[in-house]
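Working notes for the structure below.
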Amino acid sequence: MRNEEDLINALARGEEYALEILFERHYEPLWKYSLTILRNPHDAEEVVNDAFFRAYRYGRTFAGEGSFAGWLFRIARNLCMDCMKKRNAKIEAVPDIHCYDKRTVAPHNQDLRVINEALDNLKLEYSEVIILKDISGYSLGEISVIMNKSLSSVKSLHHRALKAMGNLLKEQRGGEHHGM
Amino acid sequence: MECKQVELLLTDYAGGELSLEMNDFIAGHLENCPHCREEYEALKEVMQGIHRLSDNLEPPPQHKEILRDSLLREQRIFMASSPFLSALHKKNEEMKKRFAEERKNRTGEA
C-alpha cells in the first residue's frame, strides 16, 4: 500500500492516481463521520464535498507537512461545527426546533436509535474518537494524527469514551424499564 | 496484573489486537474475575451496537461518483492552468511510456 507522504507529493505534482487513491481511501470514513455528527444526509454531503475540495487544494500547496487524513478530518470537523452553529442560531430564533434533524437520519429500529442517542449525548471528544475508530475504521495511530494527540492519549480517550457510552446505554435502558 | 491494567486492555482484547500470549492471559483473567468479565461484556455490547450503526450508514450511490469526477475535473483544470506543472506532467507521462516500451522490449528479447 502506497504511503501517504508519497501520495501527497504525487498529488502536488498533479498525478491523478494519487487523487483517486486518497479519495477511495477516505471517502466512506469521512461520509460516516460527517453523517454521524450532523445526522442529516444533505448537510453531510455538503461537508464531504467541501472538505475534499479544501483538503485537495491545501494538499497541493503543503506537500510534506502533515497527513491528508489529518487535514481532511480537521477541515470536516470545522465544517460540521459551522453547520451546527448555524442550526443553533436557528434554534435561538425558533426555540422549538431540535438542534439536529432527527427525522432524516433516524435509524429504522429502536436498538440503533438508542445507540444513536447515546452517541449524541456523549461529549464531542468522546463521540469523535468512537466515530473515527469504530464507525470510520481508522487505526489509533491514524486517529492520533487526525486529532493531533499522542497515541497513548487517543488510546485512553477511546477507552473512556466506550465506558461513558456503556454507562449512558445502561441509564437509557433503566429509563425505558421504569417507563414501562 | 491488576484489574485496572486489565481493563485498559479490554478494548484491544475485544478487537483481537493483542499478542497471543496477552490474549490468553486476559482470557484467563476474565474467567476468574466477575468484575472484569462484566466490564468486558458491557464493552462488547457497546462495540457491537456501534458496528451495527456503522453498517447502516451508506452514502448515496451517485454522490461518490459525482464528487470524484468533480475533483478530477478540478485537477485537470489546475494542471492546464499551470504551464510548469503541465510540462512536468507531460514529461512524466513521456518517461513512463518510454520505460514501459523498454520493459516490453527486454521481455521480448528474453
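Near B:ALA42, once Lys and Arg are set to +1 and Asp and Glu to -1 for all other residues with Cβ below 14 Å from its Cβ, the sum equals 0. Summing +1 for each Lys or Arg and -1 for each Asp or Glu among the other residues whose beta-carbon sits under 13 angstrom from that of A:SER127 gives +1. Taking other Cβ atoms within 10 Å as a rough exposure proxy, A:SER150, A:SER34, B:SER54 sort from fewest to most as A:SER150, B:SER54, A:SER34.
The fewest-to-most ranking of A:LYS133, B:LYS96 by surrounding Cβ atoms within 10 Å reads B:LYS96, A:LYS133.
No value in this document is a laboratory result; all are computed from the given coordinates. Bear in mind that the values here come from a model prediction, so they are computed numbers and not experimental data. As a convention, Cβ positions derive from the backbone with ideal geometry for all residues, glycine included, and neighbour counts pool all protein chains shown.
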